[in-house]
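No lab work stands behind these numbers, since they all come straight from the coordinates. On a predicted model such as this, the values are computed, not experimentally measured, just so you know. Backbone-built Cβ (ideal geometry, glycine too); neighbour counts: all protein chains shown.
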């Protein structure tokens, strides 16, 4: 999940299933301003829930919170 930051902030990504249930929280910690679009810098979700179990294929939503900024996008999980 690539993202850009205009300033240094704490970044958190919440992942939800299609019904809106929270599946996983990725606390990325404090990040410096810049582009996080390359594969080795972008956020990565391994397809597991909070208990470490693999989730089913399907539509998921992620909400990125960086300081006062919040955005929600959709993604497709394919096994």
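A compact table of results
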| item | result |
| --- | --- |
| Inter-label distance for residue 70 and residue 40, nm, one decimal - labels placed 7 Å from Cα along Cα-to-Cβ | 3.4 nm |
| Extension reserve of the residue 22-residue 49 stretch, reckoned as 0.36 nm per residue once the Cα distance is removed | 8.8 nm |
| Taking the chain and dividing mean pair separation by its residue count, relative contact order in percent (alpha carbons under 8 Å, at least six apart) | 33 percent |
| Inter-site label distance for residue 7 and residue 78 at 7 Å from Cα along Cβ, in nm | 4.0 nm |
